[in-house]
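The values are calculated or read from the model by the stated rules, or taken from the named source; none is laboratory data. Note that the structure is a prediction, hence the values are computed from the model and not measured. Glycine gets a Cβ as well: all are built from the backbone with ideal geometry, and neighbour counts include every protein chain shown.
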Amino acid sequence: MSQFFQIHPDNPQARLIRQAVDILHAGRVIVYPTDSAYALGCLLGDKQALDTMRRIRQVDDRHNFTLMCRDLSEIATYARVDNRAYRIMRKLTPGPFTFIFRATGEVPRRLMHPKRKTIGIRVPDNRIAQALLEELGEPLISTTLILPGDELPMVDPWEIRERLQHDVGLVIDGGGCGLEPTTVVNMLEDPPQVVRQGKGDFSEFE
């Protein structure tokens, strides 16, 4: 049975954030709010929890997971970022953008695109997500919570708990989240290319 925390979207309760991180360290998957939709998350090195997220989403090992990072300085550990990319990301982070980069050796091989060795990186503009990342001290492996057969992400935390209470360790109710996915930008191209139009102002790339 999963736990259920109601966390204030503007002033996240530190006690509940610490408990959520303890649940992650116990090897469990959590559901948490972001600035685009509710997401599944687990620890970077936790293969068993990653397999659980794949099973919930019913995706194979080619599915692209995202690393949720606290800030731009953390991104450099996991992605090969040049000065041009930093200038672009300074304007757009935190925000609902996922940036595709060449991965560094710090990224577990099972998270990379198998042929291109790339990884999606994101800095969310959501206080609960930021509080989790700050307390955790490292990125979260993340994927949007879209269940098999659904076209849109789940939005109701109570329904999420009912559907996933035996699969995840925690559902965080952080208030309303949107349905629109992030905008995905391939930073390996010159100039960078928008490969999926979603939430956020992507006029920078037009």
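Some observations on this one:
- Being surrounded by fewer than 23 Cβ atoms within 10 Å (Cβ to Cβ), of a type outside the set (Phe, Trp, Tyr) and over 15 Å from Thr144 (Cα atoms) holds for only one residue in Leu50, Leu16, and it is Leu16.
- For the stretch 59-96, a tally of residues being within 17 Å of Leu133 (Cα to Cα) and either out of contact with any helix residue (DSSP H, G or I) (no Cβ under 6 Å at 6 or more places or on another chain) or of a type outside the set (Phe, Trp, Tyr) (or both) returns 17.
- Test: residue in the stretch 136-154 that is of a type outside the set (Val, Ile, Thr), closer than 29 Å to Ala79 by Cα and assigned to a helix (DSSP H, G or I): yes
- Number of positions in the stretch 124-135 that are surrounded by fewer than 24 Cβ atoms within 10 Å (Cβ to Cβ) and within 17 Å of Ala79 (Cα to Cα): 0
- All conditions in (1) within 16 Å of the chain's Cα centre (by Cα); (2) crowded, with 16+ Cβ neighbours inside 10 Å hold for Val155, with the sole exception of (2).
- Beta carbons closer than 7 Å, at least 6 apart along the sequence or on distinct chains, pair a first residue in the stretch 185-199 that is closer than 11 Å to Arg102 by Cα with a second that is assigned to a loop (DSSP other than H, G, I, E, B) and at pLDDT 90 or above for Asn186/Pro192.
- Residue list for the stretch 27-64, restricted to those being closer than 20 Å to Ile160 by Cα, of a type in the set (S, T, N, Q) and within 12 Å of the chain's Cα centre (by Cα): Thr34, Ser36
- Selection status of Asn64, within 22 Å of Gln193 (Cβ to Cβ), touching a strand residue (DSSP E or B) at 6+ places or on another chain (Cβ under 8 Å) and without any contact (Cβ under 8 Å) to a residue 60 or more places away in the chain: yes
- Members of the stretch 105-125 found to be in a loop (DSSP other than H, G, I, E, B) and modelled with pLDDT of 90 or more, listed by number: Val123, Pro124, Asp125
- Residue identified as within 22 Å of Leu50 (Cβ to Cβ), at pLDDT 90 or above and more than 13 Å from the chain's Cα centre (by Cα) among Tyr86, Tyr78: Tyr78
- Residue that is nearest to the chain's Cα centre (by Cα), among those in the stretch 1-26 that are touching a residue at least 60 places away in the same chain (Cβ under 8 Å) and within 17 Å of Thr52 (Cα to Cα): Leu24
- Failed item, numbered, when Gly176 is tested on (1) assigned to a loop (DSSP other than H, G, I, E, B); (2) more than 30 Å from Leu16 (Cα to Cα): (2)
- The condition of being farther than 25 Å from Leu72 by Cα and crowded, with 20+ Cβ neighbours inside 10 Å holds for only one of Ile160, Ile121, that being Ile160.
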